[in-house]
Structures are given as C-alpha cells and as structure tokens.
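Down below is the structure, laid out as structure tokens.
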Amino acid sequence: MNKARYKEVQRFRRWEVIALLLFLLIGTTYQFIESSGHNAGNRPLLAMQYLLILLFIGGALAYLASIRLIIKIDDKKIRYQFYPWHYHKHEVRWEEVDDCQVLDMPVAAELSGWSVRIGTPERSFTVSGRRGLLLSLKDGRQLFLGSQHPEQLREIVEQCRQHEA
C-alpha cells in the first residue's frame, strides 16, 4: 500500500453563514422564552412553532459543522471524500487522468451551489476557496477538488505524474 504523499482535510469555514445562523438561533430562543413566559398555556401551537424553528436552525448548524472534504494523493491514485455526502472514499487512478492542473476557479463558480456540482460531466467539491486541482479524465469527465494549499498540491501532483510516467 502506498503512503499518502499529500493529505488535506477541509472544513466549512464560511463564518458569515455560521454567524447568521447563530444570530437566528439566539433570537429565536429569546422569542421562545419571552412567549412561553406570558400565557404559556394559551399558545401551545406558537411554542411548537418556535421549537421547530430551533430544531431546523440547530440542524443546519450541525450539518455545516459536519462538512469535510478529505483529499489524499499517492503515487497510484487520488482519493477524496466529501462528507456527509460521500460515506465512502472515491478514487481516481493516475492512469484514468488525461490532464491535471492546479488553478483558480472563477468567482462565479464559488457562488453556484456553494461550489458543489453534481449530475454534470464536471464535478466540483470545494469547501473553502476557489483554488484547487482540476482533473480531466480520459472518459471526458472533469473533477475539481478544492485546496487550501495549492502550491504544495502542485508540487506533489508533478512528482506523482513524473513517477507514473
């Protein structure tokens, strides 16, 4: 088994989104406490609505906290997992790669679907930022894997490509 030459684990780092959800969670909790203090027996439906909103916001926060993109590269393959969407690691063997390059994606790509594209020939997985590894596969598909360390990734990819040749 080959030892990984490169390993990166990315987590969701959009603090403005997390801050907004926390603000909504605190505001909803405050409103729930205020409404339950006054005439709590007369408004069970309102209390249930607040609880559902709290569960929804809390679930969204838990989901965002669980997002991870794991990339491992060795001499034979590239493995990646976008958790919680992928429960198993996916892999691309270097023999399947026609071309690869480390590049910056356009700003518009970051704004479309929070940089997750599925169901098209171009698949994109990135958690933070627009820089990463673009793989053009021999079967015509493209795969973009985001990275927070593109220069280090570029060096490892060049070494692995030379080792494969």
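Laboratory data are not the source of any read-out in this text; all were calculated from the coordinates shown. Remember, it's a predicted structure, so these values are computed and weren't measured experimentally. Glycine also receives a Cβ, built like all others from the backbone with ideal geometry; neighbour counts cover every protein chain displayed.
A few points about this structure:
- Chain lengthening between ILE26 and ASP139 when straightened (0.36 nm per residue, less Cα-Cα): 35.7 nm
- Within the same chain, lysines fewer than 8 places from LYS3 are excluded, and of the rest, those with a Cα less than 18 Å from its Cα are LYS72, LYS76, LYS77, LYS89.
- Spin-label pair ARG79-SER128: with each label point 7 Å from Cα along the Cα-Cβ axis, the two points sit 2.4 nm from one another.
- Stokes-Einstein translational diffusion, segment 12-66 - Kirkwood Rh over all Cα pairs, 1.567 mPa s, 4 °C, in µm²/s: 108 µm²/s
- By other beta-carbon atoms within 10 Å, ranking SER124, SER66, SER136 with the fewest at the front produces SER66, SER136, SER124.
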